[in-house]
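> I have a structure here, written as structure tokens, and I will follow up with some questions on it.
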Amino acid sequence: ETGVTQTPRHLVMGMTNKKSLKCEQHLGHNAMYWYKQSAKKPLELMFVYNFKEQTENNSVPSRFSPECPNSSHLFLHLHTLQPEDSALYLCASSQDIGDSYEQYFGPGTRLTVT
Amino acid sequence: GDSVTQMEGPVTLSEEAFLTINCTYTATGYPSLFWYVQYPGEGLQLLLKATKADDKGSNKGFEATYRKETTSFHLEKGSVQVSDSAVYFCALTTWRDMRFGAGTRLTVKP
């Protein structure tokens, strides 16, 4: 498989559940990202990893917990979420971190919190 | 902080019409500028980019020119097709910062 893949594509969870989103990139990139996409709002950057090290955490609530075991895999662990966390969660990767590197996005996980 | 503002949609055009989607930015450094496109049920795909002032990015008939004097990166296409229907995002990156616009939904009718 090529590009950036995300699983699951759809997830419905209750506020007391614990679940994880998975992202895998097959591009040999060094940087990976989590974004939140909500209706009628700009894409929100959540976390950035470069060579498995977290370099950005944009004031994301602790109920979102990222994990990057290697440069090809990225997880987002979810627990005690709120209904306003319902959104499309996008993973992306880039060759490196820097202003000229374009990002390659996965198809996203559509999360619904009930 | 850095930011991107793009025209609100939705935009509805007839096939073969001319398209312009405006994008302006605010940045403290010298950003690279991008246009991404998102088709239904998919993630964002890079459409074109420009990394310095006066550069023109182009792809699939779309063009955008990096205008430092007006801090703009407007997307244009001379003749749109039904298959261009999607959401378009303007974005900027500087060292360690990335910002996206809210997206503009384009619908092209036959």
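Every number here is computed from the coordinates shown, using simple stated rules; none is lab data. Keep in mind it's a predicted model, so treat the numbers as computed, not measured. FYI the Cβ positions are ideal-geometry reconstructions off the backbone, even for glycines, and counts take in every protein chain you see.
> How many partner chain Cβ atoms sit within 10 Å of a residue's Cβ in peptide A:66-79, on average, as a whole number?
For peptide A:66-79, the averaged partner shielding equals 0.
> Next question. Mind checking the mean number of beta-carbon atoms from other chains within 10 Å of the Cβ atoms in B:89-95?
Mean number of neighbouring Cβ atoms from other chains: 3.
> What does DSSP give for chain B in terms of the percent of beta bridges that are antiparallel, rounded to the nearest 5?
Antiparallel bridges make up about 90 percent of those DSSP assigns within chain B.
> How about the range A:37-92: which trypsin sites (Lys or Arg not before Pro) there lie in a loop by DSSP and see at most 14 other Cβ atoms within 10 Å?
Loop-located and lightly packed - A:Lys40, A:Arg63.
> Separate question: Under 10 Å from the Cβ of B:His74, count the other residues' Cβ atoms, weight Lys and Arg +1, Asp and Glu -1, and hand me the total.
Cβ neighbours under 10 Å give a net charge of -1.
> Turning to a different aspect of this structure: Which whole-number percent gives the relative contact order of chain B, counting Cα pairs below 8 Å spaced six or more residues apart?
So the answer I get is 37 percent.
> Right, something else. Using θ = phi - 60° and the Karplus relation 6.51 cos²θ - 1.76 cosθ + 1.60, list the HN-Hα couplings for the range A:7-22 in order, rounded to whole Hz, with x at every Gly or Pro.
With the stated coefficients, the range A:7-22 comes to 9, x, 7, 9, 8, 10, 9, x, 5, 9, 6, 10, 9, 9, 9, 10 Hz.
> When only C-alpha pairs under 8 Å and at least 6 residues apart count, what is the relative contact order of the range B:47-110, in percent?
Here the relative contact order equals 22 percent.
> Moving on. For chain B, with a Gaussian network of springs between Cα atoms less than 10 Å apart, report the residue from B:Thr24, B:Thr70, B:Thr51 with the top mean-square fluctuation.
In this elastic network of chain B, the residue with the biggest mean-square fluctuation among B:Thr24, B:Thr70, B:Thr51 is B:Thr70.
> Let me ask another. Hey, rough spin-label estimate for B:Leu13 and B:Thr51, points 7 angstrom out along Cα→Cβ, what's it come to in nanometres?
2.8
> Also: Using bins 5 angstrom wide from zero, how does P(r) for chain A break down, in % of all Cα pairs?
For chain A, the binned pair fractions read 2, 13, 24, 26, 19, 11, 4, 1, 0 percent.
> Treat each spin label as a single point 7 Å out from the Cα along the C-beta direction, and report the A:Arg63 to A:Arg9 distance in nm.
2.7
> Could you tell me the ratio Rg/Rh of chain B? Both radii from Cα atoms, Rh via Kirkwood.
0.96
> How many partner chain Cβ atoms sit within 10 Å of a residue's Cβ in peptide A:89-96, on average, as a whole number?
The mean count of partner-chain Cβ atoms within 10 Å per residue comes to 1.
> Related question: Please give the per residue volume of the convex hull enclosing the alpha carbon atoms of the range A:15-78, rounded to a whole number of Å³. Working shown, then result.
Working: hull volume 6.4 nm³, N = 64.
Looking at the range A:15-78, the number lands at 100 Å³ per residue.
> Something else: Report the Cα-based extents of the protein assembly as shown along its three principal axes, largest first, to the nearest Å.
Extents along the principal axes: 49, 38, 34 Å.
> How much length is gained on full extension from B:Thr26 to B:Thr70, taking 0.36 nm per residue of separation minus their Cα-Cα distance?
Numbers: separation 44, 0.36 × 44 = 15.84 nm, distance 1.03 nm.
So the chain would gain 14.8 nm between B:Thr26 and B:Thr70.
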